[in-house]
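Notes for the one structure printed next.
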Amino acid sequence: MRDWESDPAEQESGKGGQKELDEQVLGAGLCTGCGACVGLCPYQTVYHDRTVVLHACDLAQGRCYAACPRTPTDLAALRSRLYNETVCTPELGAVKGFFITRATDEGVRRRAQHGGTVTALMALALREGLIDTAILAGEGEGILPRSITVRDPEAAGMQGSSRFVVSPTVAEFNRVCLGNAAKIGVVATPCQALALAKMRTQPVSAAENGIEKLHLVVGLFCGWALSWQKLAALLKKKTDLARVTGMDIPPSCYHTLEVYTTGETIRISLDEVDPCVRESCRTCGDMTAEFSDLSVGSARLPEGWETARSWNQVIVRTERGMDLLELARRLGVLEFRATPPGNLEKLKAASLGKKRTAAIWLAGRGNTAERTGQAG
Amino acid sequence: MSMDREQKEGAEVLLMGNESIARGALEAGVRVAAGYPGTPSSEIIETLSRFSEAGKLYVEWSTNEKVAMEVAAAASFAGLRSLCVMKQNGVNVASDFLLHLTGSGTRGGMILVSCDDPGALSSVNEGESRHFARLMEIPLLEPADFWEAKEMTRWAFDLSEAIRNVVMVRSVTRMSHASGNVVLGPLPAVTAKAQFLCDGPVSDPDRGPVTSAPVIQKHRLQQEKLRKAAALFEDSPFNTYEGPETPELLIITSSACTLYSREAISLLRAEGRAGILKLGTTWPLPPALLKRHLRRTEKVLIVEEVLPFLEDQVKILAAEQAREIGIKTFYGKNDGTLPMVGELNPDLVAAAVGQILGIDPPAIPAEYREKLRALTAALPKREQTFCPGCPHRASFWGIREALQRDHRGGFVCGDIGCYAMASLFPAAGFHTAKTLHAMGSGTGIASGFGKLGPFGMEQPVLAVCGDSTFYHAAIPALINAVHQNADITFIALDNSGTAMTGFQSHPGLDVNAMGEASPKVDIAALCGAMGVPVTIGDPFDLIGTRVTLNRLLEEPGVKVLILKQSCALSPEKKVKKRFLVRVDEALCRGEACGCNRLCTRIFRCPGLLWNRERKKAEIDEVICAGCGFCAGICPAGAIRSEEAAK
């Protein structure tokens, strides 16, 4: 398999500003919509789920380019600076522990996508003062999510279900940093977690960017996200967008996107959904948010999907992540169950599969592949 | 310097060319004057409006030039002397009516004054209205100085009545906007009662209906009138010759080029070798006069702006008279002796005359050249952009914000007004406006673009149009877009006046050219009556404008957005600032990543300055109009605006 992390020589030449960002990422269709380049300056903004350039910035170097998860990145260097290399795996990044958990509170589970682990952990971190501010993806208008900032643990519990469309979480982080929050926790997709990691390690200017306020990153497993515009167009053909209450993708054997509405559940074949996938996601090799403190995804259990859908699997990556999970165990916020044998190996295989697909996709894009080293 | 009612007959006063033309009309007893504002013509109607008086002189700013000509024609049909005034491309607008009017003929003396703009100093074209005189078969007069501008205009009314047809007087920017001494003549007591006599037979020019039919008979009659005019031109005092009896080179010229030609000959000290035949009656040319002068020379240089109109006519006459006058060598535009585009000036004419006569133009003295260099180096560099506090800057800022968010490559079809600068200087319109043609054409072009969806065009189409332009020519285009169900967003940039040309009234205002209260025609109501959704917004409401626009861009069909905010130079705004604006230096980020001077680099209101020493923005309190809009664009909130005390 090709080593597709950018080599260090490329790193130095990889510095750039908005012009390079626009050429290599935005204009190349590789933007993840994470929002890392938004809110630092007046030149980019997010509209719906798309990052747009408002005016030409003209600076040769910018934090926009430095923080973007799709500009060249020395992932190995990043990993060695942020993680204990002894626990790093080639497939999943740092793995200090692997668990099957769910929120003990049934109410949290009901509102959440799966086992409610993320919601429960964020509420716990707020309640215990590990963080004073949490940034989550919440419900926006129609099928559009919106980044929301909460300081009240109860409010954290009100958010939960996925729409498979990205929200500009890092832009929200940039915005919140300007305020009086001191300890910020972020629920992040893999690209958003990578952007935050790059911000922690690559200061480009003396200007304060508030990254030291970042105290917790809870990563989300992610296969891909959908383009809002394309998904909206698809769903409009099936239902009234205002009736959509949530979405999910059961295990791959179903090959279906389930759309929950105020009435019936609509099942759409993934073949039909596939054209709606963001181009950027096809080039992403990070399925498990490797640059987080701990990552959470849907569980796979021998009992089958109906049982598994109310559980999560969790990869703990840092000391801080482990402390939070253990606190949740001690206080009874999370329930744990035994990890089925082979689960971690299956996850590694799936993650490797995504890295492989992404590498092929990148190679197919020609020169672009050379320029956009991606999470490995 | 402006002419007023107190000045008496016999007084010698300094008048602008346009004022002199207005004075000529007054001295001729003009009763009705109508026009549409347009540089360099606007001061004629403005001057006349100061002399307006019920029952004595009616003056109006018409909806457009065609209507202005129709209004003036009605006065003529009713036996009054009338005048219509426009800039060069206004004649294009009026030309359909003009074609029929010149066929029907006139009664009271009627003058069409067209002020051309060679070099396009205040235009987006270099159109030549002189060709219309030939095309429409009416006499053409061109004044060459300020006194003549008055005298010629006065005489043009007599000529019009003598031949019973419209007479065209053509000025140029340098004639209309420069000033010279003029001796005022008497203002006649006018008493003629307006009455349209129309009960007679069609063949009766005094009492019959007025039409251009029967066409063949009327057309024949029109050409007889033209021959009569040519005969009168043979002895016209407006055609003069200065120079040797048999000049080595005969310069034939007219209008402001007469002054350039005189200066060129003086510069070359060629008074003994070259003569100037200055023509005031440039169409139809008086053949005998021309024959007399062409006979006495071998070489002929025709000096005129812009196209070779005179040159072509002189050559035709020379060909017709070749047997009697001999073969001449012609110099001018066609052979490249003089440029075929742009304004002329004494240097260009001197170079041409020098080339023909083999004289080197005198070198510019080194001392003079040095002085010139020092003076021009000291001039502050100013870019052409919107004024401080201009609502157009805010409108285009909002449009840019919405189009970039929309992300489908949407663009604006521009139109004629101050906001044309958005098309002419991309940075002024934040790179949104991409077409610019005639008045109202932005909307017509948008209507066409708006039907290209089925051909794969996915870009949203916007049209902008000022309030005066809306009434002038955008209404038919907008109706077309509505009827054809084109997908466009039409934005009326309503700044409550014909701002670019100096706040002339228009149908959207409650006052007319004479300062009388007038009913106003409401743009929103008019658009609403077309059955399309109309939103009214304030361009200074940045977020509101952007959100509204993004919503409208998603909707099919014609959507109308009226962005209403008075011009920063409007009389009510000039009085006081609405906001006191200042920069909080502690918050201003300066050049750090990253606003990178959004305020002075991108937004570029002239009221915002960048202090290079302190590396901070500041407000130029002298020119800041106090609109407060910039407070909303500073990402650091460093620009503060406070409501000014009442």
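Looking at region B:12-233 alone, DSSP beta bridges between its own residues are antiparallel in about 20 percent of cases. For region B:103-258, the equivalent ellipsoid built from the Cα gyration tensor has semi-axes of 31, 19, 18 Å, listed from largest to smallest.
Look at the stretch B:204-216: the mean tally of other chain Cβ atoms within 10 Å of its residues' Cβ atoms is 0.
Peptide B:403-412 has a mean shielding of 3, counted as Cβ atoms of other protein chains within 10 Å of each residue's Cβ. P(r) tail, region B:576-643: Cα-Cα pairs separated by more than 19 Å, 21% of all pairs. Straight-line reach from B:LYS520: taking Cα to Cα under 16 Å and skipping same-chain neighbours fewer than 8 places apart, the lysines in range are B:LYS564.
Mind checking the log10 I(q)/I(0) for region B:1-149 at q = 0.19 Å⁻¹? Debye, one equal scatterer per Cα, no solvent, two decimals. Per q value, in the given order, log10 I(q)/I(0) is -1.19. Magnitude of the charge dipole for region A:226-376, about its Cα centre and with charges confined to Cβ atoms of Lys, Arg (+1) and Asp, Glu (-1), is about 320 debye.
Charge dipole (Cα centre; +1 on Lys/Arg Cβ, -1 on Asp/Glu Cβ; no other charges) of the protein assembly as shown amounts to roughly 1520 debye.
Computed with a 1.4 Å probe over protein heavy atoms only, the accessible area of B:TYR419 comes to about 10 Å². Among A:ALA299, A:ALA36, A:ALA363, which one moves the most in a GNM of chain A with springs linking Cα atoms closer than 10 Å? Judging by the Gaussian network model, the answer is A:ALA363. Hull volume per residue, based on the alpha-carbon atoms of region B:321-478 and their convex hull, is 236 Å³.
What's the carbon and sulfur percent of the protein assembly as shown's accessible surface, probe 1.4 angstrom, rounded to a whole number?
Heavy-atom surface of the protein assembly as shown belonging to carbon and sulfur, 1.4 Å probe: 54 percent.
Hydrodynamic analysis of region B:240-357 uses the Kirkwood radius over alpha carbon pairs. Inserted into Stokes-Einstein at 4 °C and 1.567 mPa s, it gives a translational diffusion coefficient of 94 µm²/s. Measuring against 22 Å, Cα to Cα, the residue pairs B:LYS150/B:LYS225; B:LYS228/B:LYS291; A:LYS96/A:LYS346; A:LYS183/A:LYS355; B:LYS278/B:LYS299; B:LYS8/B:LYS150 contain B:LYS150/B:LYS225; A:LYS183/A:LYS355 as the ones spanning a longer distance. Per residue of B:315-327, other chain Cβ atoms within 10 Å of the residue Cβ number 0 on average. Sorting B:71-84, B:424-437 by their mean Cβ neighbour count within 10 Å, with the most densely packed peptide first, gives B:71-84, B:424-437. Here is the size of the protein assembly as shown from its Cα atoms: Rg then Dmax, 38.1, 121 Å. For region B:227-328, the set of GluC sites (Glu not before Pro) satisfying both a DSSP loop assignment and a count of at most 16 other C-beta atoms within 10 Å is given as B:GLU234, B:GLU245, B:GLU248, B:GLU271, B:GLU298. What share of Cα pairs, in percent, lie more than 17 angstrom apart in region A:37-105? Within region A:37-105, distances greater than 17 Å cover 62 percent of Cα pairs.
Interface area, chains A and B: about 1800 Å² of buried accessible surface, summed, with a 1.4 Å probe and ligands, DNA and RNA left out.
State the antiparallel share, in %, of DSSP beta bridges confined to the protein assembly as shown, rounding to the nearest 5.
Among the beta bridges of the protein assembly as shown, antiparallel pairing accounts for roughly 45 percent.
Of the residues B:THR501, B:THR376, A:THR86, ranked by 1.4 Å probe accessible area with the largest first, the sequence reads A:THR86, B:THR376, B:THR501.
Rounded to two decimals, the Cα radius of gyration of chain A over 2.2 N^0.38 Å is 0.93. I'd like to know which of A:THR73, A:THR265, A:ALA134 lies farthest towards the positive end of the charge dipole of chain A, counting +1 on Cβ of Lys and Arg and -1 on Cβ of Asp and Glu. So the residue we want is A:THR265. Estimated at the nearest 10 Å², the accessible area of A:HIS255 is 80 Å² with a 1.4 Å probe.
If packing is taken as the average count of other Cβ atoms within 10 Å, what order do A:93-102, A:243-252 fall into, highest mean first?
Sorting A:93-102, A:243-252 by mean packing, highest first, produces A:93-102, A:243-252.
Most simply put, chain B has about 30% antiparallel DSSP beta bridges, counting only bridges with both residues inside it. Taken over the alpha carbons of chain B as equal point scatterers, the Debye sum produces base-10 log I(q)/I(0) values at 0.05, 0.10, 0.11 Å⁻¹ of -0.28, -1.02, -1.16.
Kirkwood-type hydrodynamic radius, region B:391-572: 16.1 Å, calculated from all non-identical alpha-carbon pairs.
Can you work out the base-10 log of I(q)/I(0) for region A:216-338 at q = 0.12, 0.17, 0.22 1/Å, using the Debye formula on its C-alpha atoms alone? Values returned for q = 0.12, 0.17, 0.22 Å⁻¹ are -0.59, -1.03, -1.28. Here the dipole of region B:47-153 is about 380 debye; that uses its Cα centre as origin and unit charges on the Cβ of Lys and Arg (positive) and Asp and Glu (negative).
Sites listed here are GluC sites (Glu not before Pro) in region A:92-190 whose DSSP assignment is loop and whose Cβ has at most 13 other Cβ atoms within 10 Å: A:GLU141.
With viscosity set to 1.002 mPa s and temperature to 20 °C, compute the Stokes-Einstein D of region A:228-276, Rh being the Kirkwood radius across alpha carbon pairs; µm²/s, no decimals. Answer from the Stokes-Einstein relation: 195 µm²/s.
For region B:280-331, what is the per residue volume of the convex hull drawn over the alpha-carbon atoms, in cubic angstrom?
75
Highest mean packing first, where packing is the average number of other Cβ atoms within 10 Å per residue, the peptides A:350-356, B:389-395 line up as B:389-395, A:350-356.
The values are calculated or read from the model by the stated rules, or taken from the named source; none is laboratory data. From a predicted model like this one, the values you see are computed outputs, not experimental measurements. Every residue, glycine among them, receives a Cβ derived from its backbone with ideal geometry; neighbour counts consider all protein chains shown. With ligands, DNA and RNA removed, areas are computed over all heavy atoms of the protein, side chains included. Shrake-Rupley method; radii C 1.70, N 1.55, O 1.52, S 1.80 Å.
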